[in-house]
Structures are given as C-alpha cells and as structure tokens.
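I have placed the structure first, in the form of structure tokens, so that the comments after it can refer back to it.
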Amino acid sequence: MRPLPLPAIHASHSGCWLRDGAGTTRGAAKGEAIMAAADTPLIMLNAPLVASRLGYPDLSGLDLLELFAFIHPAQFIVPTPKGIAHALGLAEPASDDGVPALLQLAAGTLLARCEEPAWKERDGAWSALQSLTRLRWPWAPLLAPRIAKPERAERGLFGKLPEWEEAPERPQPAQVSLGPEEVAARLAALTGSGAEVRAGQQAYAAEAARTFAPRQKENRPHVLLAQAGTGIGKTLGYLSPASVWTEKSGGTVWVSTYTKALQRQLRRESARAWPGQRADGSQPVVVRKGRENYLCLLNLEDALQGGFNGRAAIMAQLVARWAAYSLDGDMIGGDLPGWLGTLFRQRGIAALTDRRGECVYAGCPHYRKCFIERSARASAQADLVIANHALVMVNAARGRDHAQRPTRLVFDEGHHVFEAADSTFAAALTGSELIELRRWVIGPERGSKGRRRGLAARLADLASYDEAGGKAIAAARHAAEALPGDGWLQRLNDGMPSGPLEDLLQAVRTVTYARDESGGQEAGYGLETEAAQLDGPFNELAGAAQSALAEIRSPLIRLGVRLEAILAEPPDWLDGSGRARVEGARASLAWRVDLITAWEALLERLGGPADPEFVDWLAVERGDAREFDVGIHRRYLDPMKPFARVVLEPSHGVMVTSATLRDGDDWQAAIARSGAHHVDVQPHLSLSESPFNYADQAEVIIVTDVPKGDISALAGAFSRLIEASGGGALGLFTAIRRLRAVHGRIADRLARAGLPLYAQHVDPIDTGTLVDIFRDDPRSSLLGTDALRDGVDVPGHSLRLVIMEQVPWPKPSILHRARRAANGGSAHDDRIIRARLAQAFGRLIRSRQDHGTFVVLSAAFPSRLLSAFPPGTPITRLTLDEALHRVAARASGVAVHTETASE
C-alpha cells in the first residue's frame, strides 16, 4: 500500500516529529511544529490530543480519526498509533519517531479502501461527501477522486432506517419455580463443556434462583443480597436461572448496571443464553438506556439543515454516516466511537440527543424510525433487558409505562444502588434546571436556530381544536416568562436579577458567599451552606418564587386534564399516531408537574422547622475558577425509602449483587442500604468468596515516608513507582487539582522512558476511550478519580499496579455530615472508606493469572481500615525505597517475601 505523500506530525510528551511528503522524518521543537501545522494541513492522529501536547488549542489538520469515522462508521478502534496500525493490518511503529511514517501509510490505506469493491460501508458515502465538500472538510478533496458517483441516487439516512412495528403487550408471566437441577444444567450449558467447574459459581447460581420464585404477599418481594468475590463468574451465575425463568414463564428479566463497561460485557455474555434473533426477527436481549443517550433524528435533521455551523456541521455529517450503520443509535457508550465527540471538543454531541424532554413523539416525521421508540418497544418484548440503575428508578418513579416496569430485577454493581437512588430522588431548584423548564414551555430564545420546541408549537393542533386546552397553553407560556432566561448567570454576577426566580437565585448566591468559612482557600471550587437560619427577606423571596411556580403548574395541570378528555372521547382526526403523541405529551406534562410540585414543597419548608427526612442546602457550583450554577438542593437522608416504595414494592423478586456489599464480615450496612426494611422484608443473604489466591497474587503496601501535602514528593513517588513497574499503573486521586499537578510534573519524564501517561481531566479524551488506550498498551499508565475506582475492567498484564494518593476520605459536605450523624459518626466514615478501598483493590486482580501491587501513599493509614482487603492478602508498611523494590520484583515475576502489617 502506498503512503499518502503529504506531511505528517506526531507529538507526545517525549517530543515532536515531522515527516515531509518525500519521506524524511526529523525531530522538531514545539514552536516549529506549530508553525508547520499553521502553514499547511498535516496528517495527524487525534488533533485535540496533538494540540494539547503542543500547547496550541486551535490546531487542526488532516485527522486520521475523522477519516476512519467516515470510511468505517460504527467500527471500534483504539485511537493510538498502535490501535490504528492493528485496525488496518499495518506494522506497529517501534518508537515515536516512526509514527509519522505510519500515519502517511494509514492515510494511503484508508483512501485506497474507498476504491475496493468490497468496501462494505460504501452506501451513502458519495452523498455525505458532497455535503462535507461544501463544508470544506480537509479530507474531502482527497476522497473525491476515489469515491465514484453511484449509478442510482442514494437514499438519504431518513429513507433507509428501518421502521419499528407495534406489538401486543406480553401477557403476565406464568408462576413457576426453578429446580436446582435445571439451574445447574443451564449453567453448565452456558459455561461450555470444556470449562472449569467452579463450585462457587454453582452455589451462587442456585442462590440467584431465589429471585424468581412466586411472591407470597403483596408489596413483599423476594430480596436477595449476594456478595460474590471477583472471579466467581456472577454474570453467568445469575443469567442461568434468569434464562430458565424467562423460558418457562414467558416473562422479562431486567439486569441493571451502574457502568457502561458492564453493560457491554452483559451484552456479550447474554449471547450464550439467547443466541441470535427469534424466528420472527425480534431481539430476545435488548440494551435499554435513558432517552438522553440516543441520537434524536429530528435534532440530527436540524443540524444537517443548517442548525450547526463550522466544525460542528462536519461532526453532524459524520454522525449521520454512523447512524446509518449503528446497531441501536446509542451515542453514549454504544457503537458511536467515544472519541468522535472529543475531536470536535464535544460541541454538538449533547445537542443531538433529547436532553431537554422536548420530544414531540408521534408529531415527529421520524417517529416510526426513532431509535428511542424502537428500543422501548423492543424491551417490552424482550426476555432480557440490560439497563442502568438510573433508568430503572426513573421509570418506576414516573410510573408512566406499565409495560416497562419489571417484576424481576437484578441489580449488578449493587454497591451503587444507594448512590443512584440518592441522585434519582433528589430535588434541585437551580438556574440550569429553571432555564430548561422555560425552554420546554416557551421554546428557545429569539434568534436561536433550529425548530421551535415550545409547548405551543408541540401542541398547536390541540390548541386549535380545544379552546380550554389552548387557553391553558397560553397561560403556561405567560407564567413561564417569570423563569430565568438566557444570560441569567451574568445578571446575577452583575447584581441585576430579572423576575422572582432570579431574585431568589441572587439571594441564594449572596447568602452562600456570606457564610463561606474557607477564607478563600477553596477558590474555584463549589460552595454550600445549610438552608437554615434564613432571614425574613430571604423567605419572602422564596414565597414569591413559590407563587411564580404555582402560576406555571396550574395551567399545566389544566392542560393535562384536557389531554385526558381528548383521549377519553377522541375526535375524528385523532388517529393512532395522534393518540400516541397526546399520550407522550401527557406523560411529559405529568413529569414536569411533579418536578414543579417538588420545588414548591422545597421552598415552602425553607422558613419552617427542618424535616428530619431531608437534608436541604444552598450551593454555588464552580469549576475551573468560574461559576456555572446556583440553587437550592434537597436529598433524602435515606434515599432507600423512596427506592423501596417505587422499586421494591411493585417487584416480585430483586437481587442485589456485587463483590463489595458487606463491610468486612458485617452485613448490617448492606441490609440498610438495600431498602428492604422499608417494605418489612428480611433479605436473604448469600456470600461467595473469591477463588483467587491473594496471598500469592497480590500485595498491599502502605508507604510511610511521602509527606502529606507535598506535591513534589507525591509526584516523585508516582513517577518512581510507575518506572519500577514498567507502566501498567492505575493512579487514583481524590482531588482533580492534585491529579493535574502530578501529571504535569511527571508525564514528560515517563514518556522519554517509553512509558506513556494518560489522565482524566487533562487529556481531551473521554473516560471510556482512556481505559481502552490503557488496556491496549501494557507500558502505559492512567491517572483518574472516582470514575476509575470501580469502573475499570482491565485483566492481565496491562494493570499490575494500583496507586492511591491518599486514604479516600469522604468529602465533608453538608449532606455527608447529616448522614454521618444519623449513622454512627466515624463508623459511618470508616464503612465508606473501606468500601472505596475494596472497590479500588478489585481493579487489580481480575483473573487467576493476574499479579499486582496495591500501594497507598499515606503514612497515617489507620489499621482499622485494613479489613477492606481480602483475607490473606499480605499488607506491609514500607518506605518508598523499599516499596519500589517490591513493585519492581513483582512486576518482573520475582517472588517477594512479605510480612503482614500490624493491626
């Protein structure tokens, strides 16, 4: 394959290299590289990352990732030189100076692929290229002579997407019991005849079968809490009885996860139990997410027709290419490459989903092809629905789709159920939430591009048919003028609020700053204060805001009543499509009315006695030294109370499973955080110990001589530990500020040693892609925060060292303080810390072949926290120099002698 004879650039932390069209490669200083990139388009890989390495944010050029996304939409690739080499069948470069030559060869290979008869993504390419040419996409002139105009006109995206079909509601599942023999037989079939027989997995599957037994009392589900250590094989363990139950009962099982990584794993594993499509072409397994995860076809149409400009318009064209080949239209964690949005600095990705609840349902011209509707209907007919905790709880809380309320639920990653419930059942009266409500009612501000999405536009035909409904819409629109509009935050900063809600937000901001006791030390970080001891003027503003919200809620309720009446006695013009649109509007109205009601209740209680069930506070949200939101927040002291009411009570069987449910040997915290006691149910408890030999496979080292607060010493420790292990390190931080400081001090040095270092909140790459890069290169290391503590599955040699910068103490927020006081004080903190340590340690050993070291850089690590680690794991307290020897020895496969840390 011939290289593309255009100049190429590669920049890493270890230097910059330029290669000209004649094939000569040389090193270059950053300034020279920037000048070269400014003079002529250069071939590069991941332009934002190259720009970050050069310190030149406006860098652009011929990005190979954009070309790959055009030629192979919906195809996975690790966005690194090694990744693109493997994807194209090319030799991996031996060093950084060989990367520019690879980029030229990769460009030539991709362009040549367009001329191959076997190019499977040819359909639609010529039409998309015409649009990209008009947008002056840098690759367009190079593609134009290689993509011939088809003999027949290509159908547009909206003409070739398949339509979903209506299907009857599934009958209630049969009441069946599962025998231990049939569950064991199904597990054996799923694991395969040549697989290792694991007694722990067999026992776990038998326990999981309890979830599917018939319920004996109304509102009293079977609840199983099952802790299964890493390596048990819990996925197939619970899919075995689940598949037997769906087969015998005709019902649907929902498996809920917290991370997208586990959703992808479940999709793969479930193919063993439900291989392929059914005879009628329907899918027995469906991945279901919230609507904000899916591409909105109407938003995409707006973007393609001029709603997006510049680089965002190019991105929209590439997304349209992807949509034609996507499995399910999932933009967040699906088959859309995670790096595609970051190539365009994330501009536009969120705007292509339905994040504001503005769907017009059957009023949309693409309704019958909608990815969201197709997913919802497919899940109603599926045997297994793979969802996430938030979606399960939101669906249950809103109660608007009875067919989507499961009776058998498995919460995998069950240690996150409390956290998900805490977020789902929260109330936040903030500027950003209020402006979204305004846009939902009124529509975008004047001058905004794209379709009008206000309530009047969505229900125009209703307003013309039903006088009372039309008046309700007009009243709601008039009342919504009191909500914050565009520029509200700047008006607060200028001390010039407009309207009763902005007046309240101004008061919230003033009180929060007045009560700040950090002395300015927390500049750039969020501020909060209790919603208590508020003076008369503040409460008067809250009362005025409450009245303004009531003025909006009342006509929305009247409008909902009119929609009910139309559905009860439908007019002649209301066909099936129109009925679906009215039902969708009614559900959306009910959600907004509930939201406004919650806000009114929050404001009403501000001037009265504190409600012991809730924790209320005022907050100014800040990040990177700028404010981005202001508001009043409310959380349940125990969010498992509403969880029990809306999720557990309607269910017949609920299984909560994780490797870290218990606190040491204590089940009490797990029972309390299950919500079972709120429905008067005693959960069944199941424990399956990990089969791994932690005494031989792992070691915990507590480093005793890295001074707390010394960034130089912390950075030095990270650098030396990563060097000792030869990469393969996952560094976990409790503060973004320290993460960035450490990365800035050590990245260049490690890169020169051939040890690439990546970091969340530093590299312009989404978290999922960062993990893919880390997994793909055993010499790379990754720094991150909470999202990486238990959302990473990297078995094998790529992850052989975990470094925690300090003990992961809980953030001392107002909410935490209240829960701490209600749950045993310091013992509550200790339970949280031990859970975080256990989750972080769980990243290290994922298979019987794994070996690794877990290092905590904390001289004052309390002995009472050591029970977080699996029994038998060697735990030692060492100096950094001694730790380096142990890490190097274990990384090289040399056995080391360990002594257990004193208790």
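Do the conditions hold for Ala659, that is, is it at pLDDT 95 or above and outside the structural domain of Gly526 (by TED's automatic domain parsing)? No; evaluated as a whole, the condition is false for this residue. Among the residues of region 543-584, those identified as in contact with a Lys or Arg (Cβ under 8 Å, 6 or more places away or on another chain), over 28 Å from Ile632 (Cα atoms) and part of a helix (DSSP H, G or I) are Leu563, Glu564, Leu567.
The residue that is farthest from Ala209 (Cα to Cα), among those in region 161-197 that are of a type in the set (D, E, K, R) and within 36 Å of the chain's Cα centre (by Cα), is Glu163. Selection of region 86-102 for residues being under 17 Å from Glu66 (Cα atoms) and in contact with a helix residue (DSSP H, G or I) (Cβ under 6 Å, 6 or more places away or on another chain) yields Leu88, Leu102.
Residues in region 32-42 that are hydrophobic (A, V, I, L, M, F, W, C) and surrounded by fewer than 24 Cβ atoms within 10 Å (Cβ to Cβ): Ile34, Met35, Ala36, Ala38. Consider region 780-789 and keep the residues that are part of a loop (DSSP other than H, G, I, E, B) and closer than 30 Å to Leu618 by Cα. The one that is modelled with the lowest pLDDT is Arg789.
Selection of region 267-309 for residues being in contact (Cβ under 8 Å) with a residue 24 or more places away in the chain and closer than 18 Å to Gly251 by Cα yields Ser270, Ala273, Trp274, Ser282, Gln283, Pro284, Val285, Val286, Val287, Arg288.
Of the strands (runs of 3 or more DSSP E) lying entirely inside region 675-779, those carrying at least 3 residues that are farther than 18 Å from Asp850 by Cα and under 30 Å from the mean Cα position of the chain (by Cα) are 684-688, 757-759.
Candidates in region 68-88 are the residues that are in a helix (DSSP H, G or I) and among the β-branched types (Val, Ile, Thr); of these, the one that is farthest from His10 (Cα to Cα) is Ile71. Here Thr529 qualifies as outside the structural domain of Ile814 (by TED's automatic domain parsing), buried (at least 19 other Cβ atoms within 10 Å of the Cβ) and touching a helix residue (DSSP H, G or I) at 6+ places or on another chain (Cβ under 9 Å).
When you check Ser60 against the structure, is it part of a loop (DSSP other than H, G, I, E, B), within 33 Å of the chain's Cα centre (by Cα) and modelled with pLDDT under 95, yes or no? Yes: the conditions hold for Ser60. Of the strands (runs of 3 or more DSSP E) lying entirely inside region 589-666, those carrying at least 3 residues that are of a type in the set (D, E, K, R) and at negative phi are 614-623, 626-636. Within region 9-25, the set of residues being touching a strand residue (DSSP E or B) at 6+ places or on another chain (Cβ under 6 Å) and either of a type in the set (D, E, K, R) or more than 23 Å from Leu757 (Cα to Cα) (or both) comprises Arg19, Thr25.
Quick one: Pro812 ticks every box in (1) out of contact with any strand residue (DSSP E or B) (no Cβ under 9 Å at 6 or more places or on another chain); (2) within 30 Å of Leu266 (Cβ to Cβ) bar one, so which box is it? Exception for Pro812: condition (2). Counting only helices (runs of 4 or more DSSP H) that fall entirely inside region 276-376 and contain at least 1 residues that are within 18 Å of the chain's Cα centre (by Cα), the qualifying elements are 338-343. Pairs linking a residue in region 1-28 that is in a loop (DSSP other than H, G, I, E, B) to a residue that is hydroxyl-bearing (Ser, Thr, Tyr), with Cβ atoms under 7 Å and 6 or more positions apart or on different chains, are Met1/Thr109; Pro7/Thr40.
Residues in region 554-585 that are of a type in the set (D, E, K, R), within 36 Å of the chain's Cα centre (by Cα) and crowded, with 20+ Cβ neighbours inside 10 Å: 1 in all.
The values are calculated or read from the model by the stated rules, or taken from the named source; none is laboratory data. Bear in mind that the values here come from a model prediction, so they are computed numbers and not experimental data. Glycine also receives a Cβ, built like all others from the backbone with ideal geometry; neighbour counts cover every protein chain displayed.
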